[in-house]
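Peer 1: This is the structure I want to talk about, given as structure tokens.
Derivation of every value follows stated rules applied to the coordinates shown; laboratory data play no part. Model, not experiment: these values are computed from the prediction. Cβ atoms come from the backbone with ideal geometry, glycine included; neighbour counts cover every protein chain shown.
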Amino acid sequence: MKNILKNIVLSILKRLAKSRLKKYRGKIVAVTGSIGKTSTKEAIYTVLNSQFKVKRSRSSMNSDFGVLLTILDIDSGYSSATKWFWLLMKAFVHSMSRDYSEILMLEMGVDKPGDMDFLLDVVAPDVAVITNIFPVHMAEGQFSSLQAIFDEKSKLAHRLKEGGTAILNVDDDFLMELSKNLPKKRVLTFGRHAEAIYRMGDVKTVADGLSFNISHKDYNVEVKAKILGEHQSYVLTPAFICGNIFEMGVGQILLALERFHLPPGRMNVIPAIEDAVILDSSYNSSPRALGEALKVLKDFAGMRNKVAVLGNMNELGAQSKSLHEMVGAEIPKYADVLVTVGEEAKTFALSAMKNGMKDKNIHSFKNVKEAIDFFAGKVEKGDVFLVKGSQNNVRLERFVKAYMAHPEEAKELLVRQEREWELKI
């Protein structure tokens, strides 16, 4: 019964969203990929919103419901039937009004084959950004392979409006191949690859920020931002390209990127109790993203203890154990202490131990509460905690909240602080 009602609501929202978009006169920018979608969307928003009136999907509203709600300017009703009734009434009213934003920014997430088809039946973008193709959403009923993930996400580039532009990361083999085979489309590529139209180089990261160069045609510019991790250059470069597409001045683009801050839960530095430091990457986790996060932990030279607090990487299907083992083998290179949360994350511990981490420095817990209790009274000045795990049944933002120096700032700085999330496991 619940699924029937969900499908009815989804069908109504879809029709209303399509009706509203028929009246829309602005440009549409859509972002998809396996990791980094929200950060990339926010970076593009930061650049474009410095000159244009831009509306964007809030947080990570990138599903079928999320995209429709963004178009209609309404919030989610979560599981409340009463709230959904009133939101549908509001959606009906909004569908009859015109959206006067100059640019509509949408994040398009897909969990299984067919999801992108649903979204593209509603939206035809002017600009499509595809960040990467990595192993995520590979549990039963989701994707069977990397090829299947690529096949679904690449539909976005094939369904551009006439005269539209695809922005592709050609350091990704799948997207390099796509860039060569898009028929009659304008393609702008980026990456460190020699063939990239916007070529990234001299990437440097320290504890207080990131810098790198972008070479394009006859000029070379230095990009600076107060965010952590060399991999974030792949977040900022599409934003630079979008600024170019919309004919913004290079200086204005660079200034906007310098002001950019990552969304909550995506590798943000948060002061902890006892003058310790938390690297909050608690929004989600996957093999590639976790590998990059561990490299950032290594950049914190001179700290007393580098502690990796890691939860399960969910939705990896049959490859889950081998992928946890692969990442676990790398942990001793970057962390002094390992704390795992969740059943699957125990594989991190076993793999780290096999690869040289001492047993006394490894601690495994069933849930985040146990991990919080373990560190009571143990946090000291000079400790740096990398906190990263998947969402469902892990919820490591609760660990961050327990040990951040100013928990009263949690609603502003952390993910999943809404009441509906607080009630979930």
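Peer 1: Between rounded, prolate and oblate, where does region 364-425 land on the alpha carbon gyration tensor, with a ≥ b ≥ c its root eigenvalues, rounded for a/c under 1.5, else prolate if a/b exceeds b/c?
Peer 2: Oblate.
Peer 1: Please report, largest first and rounded to whole Å, the three semi-axes of the ellipsoid equivalent to region 240-313, where each semi-axis is the square root of five times an eigenvalue of the C-alpha gyration tensor. Intermediate values should be presented prior to the final figure.
Peer 2: Details: eigenvalues 187, 52, 25 Å².
Three semi-axes, in Å: 31, 16, 11.
Peer 1: If I take every Cα pair under 8 Å that is 6 or more residues apart in region 268-422, average their sequence separation and divide by the length, what percent do I get for the relative contact order?
Peer 2: Computed value for region 268-422: 35 percent relative contact order.
Peer 1: Another question, if that's okay. Of the GluC sites (Glu not before Pro) in region 115-216, which ones lie in a loop per DSSP and count no more than 11 other C-beta atoms within 10 Å?
Peer 2: GLU140, GLU162, GLU195
Peer 1: Same structure again: Give me the tail of P(r) for region 268-422 as a percent: Cα-Cα pairs with distance above 19 Å.
Peer 2: Pairs farther apart than 19 Å: 48 percent.
Peer 1: Another one. Treating only the Cα positions of region 348-398 as identical point scatterers, give the base-10 log of I(q)/I(0) from the Debye formula at each q in 0.29 Å⁻¹.
Peer 2: -1.24
Peer 1: Moving to a separate point now. Could you order peptides 226-238, 251-263, 269-281 by the average number of other Cβ atoms within 10 Å of their residues, highest first?
Peer 2: So the peptides 226-238, 251-263, 269-281, ranked by packing, come out 226-238, 269-281, 251-263.
Peer 1: Please quote Rg/Rh for region 174-233 to two decimal places, taking the Kirkwood radius as Rh and restricting both calculations to Cα atoms.
Peer 2: Numbers: Rg = 13.5 Å, Rh = 12.7 Å.
Checking Rg against Rh, the ratio lands at 1.06.
Peer 1: Where the only charges are on Cβ atoms (+1 Lys, Arg; -1 Asp, Glu), what is the dipole of region 2-259 about its Cα centre, to the nearest 20 debye? The partial results should precede the final answer.
Peer 2: Details: 35 positive and 28 negative charges, 241 e Å.
Using only the charged Cβ atoms, the result is roughly 1160 debye.
Peer 1: Using θ = phi - 60° and the Karplus relation 6.51 cos²θ - 1.76 cosθ + 1.60, list the HN-Hα couplings for region 96-105 in order, rounded to whole Hz, with x at every Gly or Pro.
Peer 2: 8, 9, 8, 8, 9, 5, 7, 9, 10, 9
Peer 1: Quickly work out the ASP373-to-TYR219 label distance, labels modelled 7 Å from Cα along the C-beta direction, and quote it in nm with one decimal.
Peer 2: The answer from the label model is 5.9 nm.
Peer 1: In the structure shown, do any of LYS27/LYS411; LYS83/LYS155; LYS55/LYS83; LYS155/LYS411; LYS53/LYS204 have a Cα-Cα gap over 29 Å, and if so which?
Peer 2: LYS27/LYS411; LYS83/LYS155; LYS155/LYS411; LYS53/LYS204
Peer 1: Test of understanding: express the Cα radius of gyration of the chain as a ratio to 2.2 N^0.38 Å, with N the residue count.
Peer 2: Rg over 2.2 N^0.38 Å, computed on Cα atoms: 0.98.
Peer 1: Under 20 Å from a point placed 7 Å out from the Cα of ASP299 along the Cα-to-Cβ direction: which residues of region 206-221 have their backbone N that close?
Peer 2: 206-215, 221
Peer 1: Quick one, can you get me the convex hull of the C-alpha atoms of region 1-141 expressed as volume per residue in Å³?
Peer 2: It comes to 109 Å³ per residue, whole-number rounded.
Peer 1: Quick one: Kirkwood hydrodynamic radius for region 1-52, alpha-carbon pairs, angstrom, one decimal?
Peer 2: In region 1-52 this quantity evaluates to 13.9 Å.
Peer 1: What helices does the chain have that are whole DSSP H segments, at least 27 Å long along their own axis by Cα, and with mean Kyte-Doolittle hydropathy of -1.0 or more?
Peer 2: 2-21
Peer 1: Between region 1-68 and region 80-121, how many Å separate their Cα centres?
Peer 2: Spelled out, the Cα-based centre of one part sits 6 Å from the other.
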